[in-house]
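Q: Here's a structure for you.
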Amino acid sequence: MTTGLTRPDGPAKLTGTAHYAADADTSDALAAALVTTTVPNGRLTALHTADAEAAPGVVRVLTRADLPPLGELSTPPLGFPVPPLLEDTVHHEGEPIAVVLAETWEQARHAATLVRAEYADVTPAVPFGQAEDVVPHGGLVFGETDESKGDVTAGLAAADVSVTATYTTADRHHSPIEPHATLARWDGDQLVLHSSVQSVLFAQAALAALFGVPPENVRVFCPFVGGGFGCKGFVWPHIPLAAAAARVTGRPVKLVLTRAQMFTLAGHQPATRQTVSLGATSDGRLTALRHTSSNASAQLGDYCENTPHGSTWMYASPAIETSTRIQRLHRPGPTPMRSPHEGPGMFALESAMDELAHELGMDPVELRLRNEPEVDPLTGEPFSSRKLVECLREGARRFGWSERNPEIGSMRDGHELIGWGMAAATMDSPRSPSSARLRIDHTGHVVVETGMQEIGTGLPAMVQAVAAETLGCPPEDVAVRHGDSDFPPHTGTFGSMSTMGLGSAVRAAAESALEKLGAEPGDPLAGALAEAGLTELESEGRWSPEGGGMTRGRTGGYSIHTYGSIFVEVRVDPDLGLLRMSRAVGVYAGGRILNPLAARSQMIGGITWGYGQAVLEQSVFEPNLGRFLSKNLAGYIVPVNADIGEIDVSFVDDDDRVASAIGAKGIGELGAVGVSAAIANAVFHATGRRVRDLPIRIHHLLP
Amino acid sequence: MRVNVEVNGEQRTEDNVWEGESLLSLLRDRLGLPGAKNACEQGECGSCTVYLDGVPVCACLVAAGQAEGRSVRTVEGLADGDALHPVQQAFVEAGAVQCGFCTPGLLVATHDLLSRVSHPSDGEIREALAGNLCRCTGYEHILDAVRLAATRGGGRRDQEWRSPDRAGRPGAGAPRDTGDPECER
């Protein structure tokens, strides 16, 4: 069993006393339930609320006319750029049209079913693939839509071997176990929110702007998040609706999204269609790489799944060309989901690399080693640290790759076909500002405060460890308080950024405290305070990447990314088409690993997430109804424990002081990347079937 | 309606409970016990698992009125004062806790398993926890935690709790260690 830091948040979570947003005391609160559109487009022409108003326990039904005037905001911080209650034009199925307020949640939900809406001009929704590809604009475009270097057409023409293929990935939903929840309470023009969010900072800023009050009038609490994976990163309509309902009624209001509403009002990872062309010399050196993409998007917001992004830094090709487009459809707004961009994108690139290796008759690990760049192949800038080669070699060693017979269908275990496949993994390293306050009392006890919310990644343990390491005190002397917008701001727990920013800020705060005390790491803190004549010492630490705001991985003259390799064994029943992943080996380079226990769990969770992408997870969009068909966890299948075979996770030595002051990088999303390609490549090895459409289902594998 | 229910050893009475209310809401919104979580609303994820007369149930699927005159034990009732139950201790040591939202349900399910089968096989563990979804951990550290709790005799104290005065109540059979993962499920 791996050992590591013990979670300071552990006991509260184990005894039911860790309070999530929906656990806030609601004895005097009204329960809210949303009524939402049942059609994907057209116009709302009438709303009938009388039956709902007469239902047991109902206090009031709010429609658009009842809301206070709200300011306008764009995406982000909003998840979808519309007023929180629809007035006329329908943008998608599941859009809020009324709020039912009742004494209990069940009464509110029951009454919500009694509100009747009338619509006009409704037509079937145009499916993804049948609308025009357009260039996306706005705040939900992450990175460039078009990038190029060299002449890809000439590079493909000059190649000895080339492959071109189209790959698709499915609509997927984050499905955190905790649904969104917000409790809103007004005291005069002061708003208090308990809300399940990945950024108390975004929630505070957005609510202040919407309600026209200064940010300091909005206090957001979110110490614990029951999983987010991106769907709680931005501010979705239920948060301002809870606040508006509380303002209108003068009572606190608790609004918990239903599981079905989690499929329409909190984003999803949109379906993508990608085409990759690779050209290579007969000895396996790339001459050209082209990766184009289109994703399903909503009517508004232009969320762009930038799948080709990682293809611009992975391999040493003299010619690279990428482009990404969207289709504006009548469907709910997508949003980043673990692992955005590279998650779907590396399925296509790493499948194509496997196809190229097969055409060349070359080992797929060797093909990647031959195309390892010395500098960023697009920009020519140095990598801050890049240990992909180490990951590939160590992964192959741990897996026993040298025992692989490359011939298709050559490895069997009784009736089952065995396939071994692999892929490389990468994630961009966006970074963002963070800050922390550190207080030492006369007993030497340390308290660190930060706006960061604990979302499961173990940030309190990380904060404790970094403070203790810098001060030279035992970790148990450090307490961590978090998830309150009155604490020093932390941008958000998304984008695999938190450890870099917050860890660096905590280190700065601890260094500042030592400097103020004139003490060295390891000096007894109580004694140092006494010597300085102090009963308490407070210091603040801030950290931000170059430029002061949120950045992408290419910043300050460096190319900053994380890397890994994933090797899997699959077993396929050739008669029944059953597919299992019996074994996986993941080796990762993600900077200095601060907590091996938490890091290992993150990577196992990531590989499991990637397994879900590969073989289970798909939200089917039905065009006639214009909705996702299965808006629940029975129809949207996520991995269960019996799906997961043996998983071996390890890290290569890495310490990246360009990425952060503590040598760490972000690993929260890296583990989920490449898994689907490795599984598809293993399926090809086992069966000779090249599956280019996720998820891989029985019908792909039946005889 | 009025509901009388014993919760974590304490007799509780709640008035004006609407017939459409779930046991989960009764516990969370009325009795101040938010440990069991609302998550999938349909018995898929196991996050709301509590004992009802000694049998694990999804509290979201039980009407509050069905708990009348019965006994409920929630995650809040597993620890002995400040001392964590061995199952809880194993979960934190093995790194089986991440966001923590599925944790209360997994703890009750594990507690139940080990009270029936003191040294379960991996297959028995996987079967017993098949109704509990976790979106963070990938499950491996959870399995580690159950194995660790078993080696520490995590089930023994629960057998005391389940025995004699509950005999004869629905589902509250004598403690068994049959090795059969199907028993009582």
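The values are calculated or read from the model by the stated rules, or taken from the named source; none is laboratory data. Just so we're clear, the structure is a prediction, and the values are computed from it rather than from any experiment. Every residue, glycine as well, gets a Cβ built from its backbone with ideal geometry; the counts of neighbours run over all protein chains shown. To get the accessible areas, we keep the full protein, side chains included, count just its heavy atoms, and leave off ligands, DNA and RNA. Shrake-Rupley method; radii C 1.70, N 1.55, O 1.52, S 1.80 Å.
Q: Which one of these is in contact (Cβ under 8 Å) with a residue 24 or more places away in the chain and surrounded by fewer than 24 Cβ atoms within 10 Å (Cβ to Cβ): B:112, B:82?
A: B:112
Q: Right, something else. Of the residues in region A:40-84, how many are over 26 Å from residue A:263 (Cβ atoms), of a type in the set (D, E, K, R) and free of Cβ contacts under 8 Å to residues at least 60 places away in the same chain?
A: Residues that pass the stated criteria total 2.
Q: Condition first: touching a residue at least 24 places away in the same chain (Cβ under 8 Å), part of a helix (DSSP H, G or I), within 7 Å of chain A (Cβ to nearest Cβ) and surrounded by 24 or more Cβ atoms within 10 Å (Cβ to Cβ). Can you find one or more residues in region B:45-68 that meet it?
A: No - not one qualifying residue is present in region B:45-68.
Q: Checking residue A:181 against (1) more than 14 Å from every other protein chain (Cβ to nearest Cβ); (2) touching a helix residue (DSSP H, G or I) at 6+ places or on another chain (Cβ under 6 Å); (3) among the aliphatic types (A, V, I, L, M): exactly one of these is not met. Which one?
A: It fails just one condition, (1).
Q: Considering each residue of region B:1-41, count those that are facing chain A (nearest Cβ under 7 Å), touching a Lys or Arg at 6+ places or on another chain (Cβ under 7 Å) and hydroxyl-bearing (Ser, Thr, Tyr), and give that number.
A: Number of matching residues: 0.
Q: Which one of B:89, B:98 is within 11 Å of another protein chain (Cβ to nearest Cβ), in a helix (DSSP H, G or I) and under 25 Å from residue A:455 (Cα atoms)?
A: B:89
Q: Of the numbered conditions (1) more than 24 Å from residue A:633 (Cβ to Cβ); (2) surrounded by fewer than 24 Cβ atoms within 10 Å (Cβ to Cβ), residue A:109 fails exactly one; give the number of that condition.
A: (1)
Q: Return the total of residues in region A:3-39 being of a type in the set (Val, Ile, Thr), in contact (Cβ under 8 Å) with a residue 12 or more places away in the chain and more than 7 Å from every other protein chain (Cβ to nearest Cβ).
A: Of the residues in region A:3-39, 6 are of a type in the set (Val, Ile, Thr), in contact (Cβ under 8 Å) with a residue 12 or more places away in the chain and more than 7 Å from every other protein chain (Cβ to nearest Cβ).
Q: Which residues, counting only those in region A:180-209, are under 25 Å from the mean Cα position of the chain (by Cα), open to solvent by 10 Å² or more (accessible area, probe 1.4 Å) and either closer than 15 Å to residue A:84 by Cβ or not aliphatic (A, V, I, L, M) (or both)?
A: The answer is A:194, A:202, A:204.
Q: So the check is Cβ under 6 Å with 6+ separation or different chains; which pairs have a first residue in region A:455-482 that's in the same structural domain as residue A:501 (by TED's automatic domain parsing) and open to solvent by 20 Å² or more (accessible area, probe 1.4 Å) and a second one that's part of a strand (DSSP E or B) and β-branched (Val, Ile, Thr)?
A: Between residues of region A:455-482 that are in the same structural domain as residue A:501 (by TED's automatic domain parsing) and open to solvent by 20 Å² or more (accessible area, probe 1.4 Å) and residues that are part of a strand (DSSP E or B) and β-branched (Val, Ile, Thr), the close pairs are A:464/A:478; A:464/A:480; A:477/A:446; A:479/A:447; A:480/A:448; A:482/A:450.
Q: Among residues belonging to region A:42-83 that are basic (Lys, Arg) and within 16 Å of residue A:99 (Cα to Cα), point out the one that is farthest from the other protein chains (Cβ to nearest Cβ).
A: A:64
Q: When the residues of region A:396-426 are filtered to those that are among the polar types (S, T, N, Q) and closer than 15 Å to residue A:365 by Cα, which remaining residue is surrounded by the fewest Cβ atoms within 10 Å (Cβ to Cβ)?
A: Of everything passing the filter in region A:396-426, A:402 is surrounded by the fewest Cβ atoms within 10 Å (Cβ to Cβ).
Q: When only residues in region A:629-667 that are within 20 Å of the chain's Cα centre (by Cα) and within 17 Å of residue A:598 (Cα to Cα) count, which is most open to solvent (accessible area, probe 1.4 Å)?
A: My answer is A:667.
Q: Answer yes or no as to whether residue A:249 is within 14 Å of another protein chain (Cβ to nearest Cβ), open to solvent by 10 Å² or more (accessible area, probe 1.4 Å) and among the polar types (S, T, N, Q).
A: Against the criterion (within 14 Å of another protein chain (Cβ to nearest Cβ), open to solvent by 10 Å² or more (accessible area, probe 1.4 Å) and among the polar types (S, T, N, Q)), residue A:249 does not qualify.
Q: Another question, then. Could you say which residue among A:427, A:411 is within 27 Å of residue A:306 (Cβ to Cβ) and in contact with a helix residue (DSSP H, G or I) (Cβ under 9 Å, 6 or more places away or on another chain)?
A: On the way: A:411 fails: within 27 Å of residue A:306 (Cβ to Cβ).
Result: A:427 is the single residue among A:427, A:411 that is within 27 Å of residue A:306 (Cβ to Cβ) and in contact with a helix residue (DSSP H, G or I) (Cβ under 9 Å, 6 or more places away or on another chain).
Q: Return yes or no: is residue A:635 without any contact (Cβ under 8 Å) to a residue 40 or more places away in the chain and within 11 Å of chain B (Cβ to nearest Cβ)?
A: Values: without any contact (Cβ under 8 Å) to a residue 40 or more places away in the chain: yes; within 11 Å of chain B (Cβ to nearest Cβ): yes.
Spelling it out, residue A:635 is indeed without any contact (Cβ under 8 Å) to a residue 40 or more places away in the chain and within 11 Å of chain B (Cβ to nearest Cβ).
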